[in-house]
Each structure stands twice: as structure tokens, then as C-alpha cells.
1. Please specify each residue of segment 18-54 satisfying the condition of being open to solvent by less than 30 Å² (accessible area, probe 1.4 Å) and part of a helix (DSSP H, G or I).
2. Working carefully through the options 100, 115, 83, find the one that is of a type outside the set (Gly, Ala, Ser), modelled with pLDDT of 90 or more, in a strand (DSSP E or B) and over 18 Å from residue 137 (Cα atoms).
3. Please enumerate the residues belonging to segment 136-148 that are open to solvent by 20 Å² or more (accessible area, probe 1.4 Å) and of a type in the set (Gly, Ala, Ser).
4. Tally up the residues in segment 4-17 that are part of a loop (DSSP other than H, G, I, E, B), open to solvent by 30 Å² or more (accessible area, probe 1.4 Å) and touching a residue at least 12 places away in the same chain (Cβ under 8 Å), please.
5. Are there any pairs with C-beta distances below 6 angstrom linking a residue in segment 110-135 that is open to solvent by 60 Å² or more (accessible area, probe 1.4 Å) to a residue that is of a type in the set (S, T, N, Q) and at pLDDT 95 or above, with the two at least 6 apart or on different chains, and if so which?
6. Quick check on segment 93-102. Is at least one of its residues aliphatic (A, V, I, L, M), surrounded by 14 or more Cβ atoms within 10 Å (Cβ to Cβ) and under 21 Å from residue 56 (Cβ atoms)?
7. Can you tell me which residues in segment 57-70 are part of a strand (DSSP E or B) and either without any contact (Cβ under 8 Å) to a residue 12 or more places away in the chain or open to solvent by less than 20 Å² (accessible area, probe 1.4 Å) (or both)?
8. Are any of the residues in segment 118-132 closer than 22 Å to residue 73 by Cβ and in a strand (DSSP E or B)?
Amino acid sequence: MSESKSITVQRTIDASASEIFDVLSNPKRHVALDGSGFVRSDEKAERIQHVGDVFRMNMAGDHMGGEYQTDNTVSGYSHNALLAWKTAPADTDPPGWEWLWQLEPTGPESTQVSLTYDWSAVTDKAILSKVSFPLVSKDQLEDSLGRLAETVSS
């Protein structure tokens, strides 16, 4: 039996894909969406506009010994439909985990949102010995979707 190396959660949110994408593409809003409790704030991040953009976040977690920063390199972008990024400790290359948000309109003011946390590309033995994947649980990802729903409805 193979061990899964990704988690995907889905939820229908009563908002248009454009409203949801507007929130997701603004790193300043990510702290309000984070169900893991790791995200503290953005570090002068600009709105995400295309693949290759990099945004820095201020984080905190015992798995990194307290406060730290991440650089998030946008790996997927389709306006109002897809946003993905690979996360790495600041000033390092992404070691292989990725966050993927997919938006599928189900009506004018309704969108099926999928959030995937994928660590299948992590192969560095040093990282695998230090980090116990998944760092974020399915419940925490579902909490992020709930927070997104609250954010776009307020």
C-alpha cells in the first residue's frame, strides 16, 4: 500500500471565482486564511500576477524552532481559476512542497474551491529526516477553506 503524499480538500463557497481569486492572489490576506497557525504576516508582498512571482511570508512554528520566513515561488497561475506556489525557507530553493488552489464556478455567485497540499516532490533525505510530513493536517486545510468562505462573505 502506497502512502499518500498530498492532501486535497474541497468546499463550495458562496462567492464568485473572481472574488475568491482576489483574496488568494493578495498575500496580505493569507494570514486570515491560514488554518495551520503558522502564517504571521506578509513581508512587503505584492499581489500575485503570474508564474515566477515570489512573495515572502513571516511564519512561526516549532518545526522551525520558532519564527522564520518563507519565500513562495508561484508555480501555477490562471486568472480566477488556479493559483499555486512552492514554499521554501527564505533565500533557498523550494525543496518540493506545493500549495495549489483551484477554482471552478458552479454559478454566478458560487465556486467549488479545491486546496491541495502536496509534498510528493520532496526527495532531500535531510529534509525528510527533519520534517514530519504532512506539517498541515486535513482538518487545518478544511479550516483554511472555512476562513476563506468567511473572508469573502464579509
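1. Scanning segment 18-54 gives 20, 21, 23, 24, 27, 30, 33.
2. 83
3. Answer for segment 136-148, where residues must be open to solvent by 20 Å² or more (accessible area, probe 1.4 Å) and of a type in the set (Gly, Ala, Ser): just 137.
4. Qualifying residue count for the region: 2.
5. Pairs found: 120/6.
6. Filtering segment 93-102 for residues aliphatic (A, V, I, L, M) gives 100.
Restricting the remaining residues to those that are surrounded by 14 or more Cβ atoms within 10 Å (Cβ to Cβ) gives 100.
Now drop any that are not under 21 Å from residue 56 (Cβ atoms), which leaves 100.
Looking through segment 93-102, at least one residue is aliphatic (A, V, I, L, M), surrounded by 14 or more Cβ atoms within 10 Å (Cβ to Cβ) and under 21 Å from residue 56 (Cβ atoms).
7. Narrowing segment 57-70 to residues part of a strand (DSSP E or B): 57-61, 66-70.
Passing the criteria: 57, 60, 61, 66, 70.
8. Of all residues in segment 118-132, those closer than 22 Å to residue 73 by Cβ come to 118-124, 126-128, 130-131.
Still in the running and in a strand (DSSP E or B): 118.
Yes, the conditions are met somewhere in segment 118-132.
The values are calculated or read from the model by the stated rules, or taken from the named source; none is laboratory data. Nothing here was measured: the structure is a model prediction, and the numbers come from that model. Methodologically, a virtual Cβ is constructed for each residue, glycine included, from the backbone with ideal geometry; neighbour enumeration extends over all protein chains shown. These accessible areas exclude ligands, DNA and RNA; they are computed on the full protein's heavy atoms, side chains included. Shrake-Rupley method; radii C 1.70, N 1.55, O 1.52, S 1.80 Å.
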